[in-house]
Amino acid sequence: MAYRVYAMDFSFYNSMGIYSFEARCEMLKEIGYDAAHLSIWHGERWRDAAKLSSVKQKYGLDVAGVYVVLDLSLGESHPRNQGILKLLETMEGCSTVELAIQSVGSHLRPSDPAGDDIAVKWLEQALKICERRNIDILLYTHLSFWIERHEDAVRLCRRLNHPNLGIVFCGYHWYAVDRTNLAGVLREVSPYLKQVNLSGSRPSPHGFGNVATIEPLDEGELDNFALLGQLKKIGFDGMIGFQGWSEGGDAYSKLRRSLQAFRDMERRLEAHPHWAELSLLP
């Protein structure tokens, strides 16, 4: 089975600016992607969300998701956080919101379960909207954020036990934060896993967060072929995306390289599944 693929729009940012929404969609379609993606961040670019309803008809692409960042240290009523609830109420053309929770309180460190009650209270409010509008919230792990590890996302999913709450497995953030026990992490995540994004990466003080780089899939030390083999092993059949943050440069050429590299990994895995049976490090 060939996975359906998308590219996070992070790929279209560079030190000179960002490509237009229209150019991003046209490039993705021409290269051969199945879906587009939109990053709204802390409330910037809300107006671009109104364009999502026309993506399928205009460009022949699905919309894999919208990425937002929740910061409850600012308070629930802060316009950034209220804006996410408004997005859930009004968004058309997309049924997935990828939610990175940056903070639930300025006194709480990443992964501190003392913040669970605060996060759950906000998520319960958001999930009531999602029930009505058939939208999934996928928890997005992120280096240095409160939800930093996939185990944190699993903890919240188990507690809430809600069909509209799931998880994105973020290859880069697993690698940058921990890079151990891949098979175990994926097994734990698997009941809630609805989407995956991948990156090439290598440890580097010059990388994102001074920890590791984010690169096209045919670069770096992270073995995405082995990672893909583990996803197959747990039966994952959702969409897979490419992250692309901080890659910069010619977005088209790098996105084409990543897609070609990914399709080649799929081909090899289909023909030789035992090649991905590494003795994974603990």
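The values are calculated or read from the model by the stated rules, or taken from the named source; none is laboratory data. All figures in this text were calculated on a predicted structure; none of them were measured in a lab. A quick note on method: Cβ atoms are made from the backbone with ideal geometry, for glycine too, and the neighbour counts reach across all protein chains shown. In case anyone asks, the SASA skips ligands and DNA or RNA and just uses the protein heavy atoms, side chains included. Shrake-Rupley method; radii C 1.70, N 1.55, O 1.52, S 1.80 Å.
Computed quantities for the displayed model
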| item | result |
| --- | --- |
| Within the range 267-277, tally of residues that are open to solvent by 80 Å² or more (accessible area, probe 1.4 Å) and within 12 Å of Ala2 (Cβ to Cβ) | 2 |
| The range 115-160, residues that are aliphatic (A, V, I, L, M), more than 20 Å from Leu88 (Cα to Cα) and either over 19 Å from the mean Cα position of the chain (by Cα) or not in a helix (DSSP H, G or I) (or both) | Leu143, Ile147 |
| Subset of the range 153-174 (residues that are open to solvent by 10 Å² or more (accessible area, probe 1.4 Å), in contact (Cβ under 8 Å) with a residue 12 or more places away in the chain and not aliphatic (A, V, I, L, M)) | Arg155, Arg159, His162, Asn164, Trp174 |
| Contacts under 6 angstrom Cβ, first residue in the range 29-46 being more than 27 Å from Tyr3 (Cα to Cα), partner modelled with pLDDT of 95 or more and surrounded by 20 or more Cβ atoms within 10 Å (Cβ to Cβ), 6 or more apart | His42/Val69 |
| Those residues of the range 124-152 which are buried (at least 18 other Cβ atoms within 10 Å of the Cβ), over 21 Å from Glu76 (Cα atoms) and in contact (Cβ under 8 Å) with a residue 40 or more places away in the chain, in sequence order | Leu143 |
| Among residues of the range 224-266, those that are of a type in the set (Asp, Glu) and surrounded by fewer than 16 Cβ atoms within 10 Å (Cβ to Cβ), counted | 3 |
| Flag if Val189 is among the hydrophobic types (A, V, I, L, M, F, W, C) and touching a helix residue (DSSP H, G or I) at 6+ places or on another chain (Cβ under 6 Å) | yes |
| Residues being in contact with a strand residue (DSSP E or B) (Cβ under 8 Å, 6 or more places away or on another chain) and either under 17 Å from Tyr192 (Cβ atoms) or among the charged types (D, E, K, R) (or both) - total across the range 225-240 | 6 |
| Condition check for Arg179: among the charged types (D, E, K, R) and modelled with pLDDT under 95 | yes |
| Number of positions in the range 1-23 that are without any contact (Cβ under 8 Å) to a residue 40 or more places away in the chain and over 25 Å from Leu70 (Cα atoms) | 3 |
| Test set (1) closer than 22 Å to Ile137 by Cβ; (2) out of contact with any helix residue (DSSP H, G or I) (no Cβ under 8 Å at 6 or more places or on another chain); (3) of a type outside the set (Asp, Glu) - Leu72 fails condition number | (2) |
| Residue list for the range 97-123, restricted to those being open to solvent by 20 Å² or more (accessible area, probe 1.4 Å) and within 30 Å of Val55 (Cα to Cα) | Gln102 |
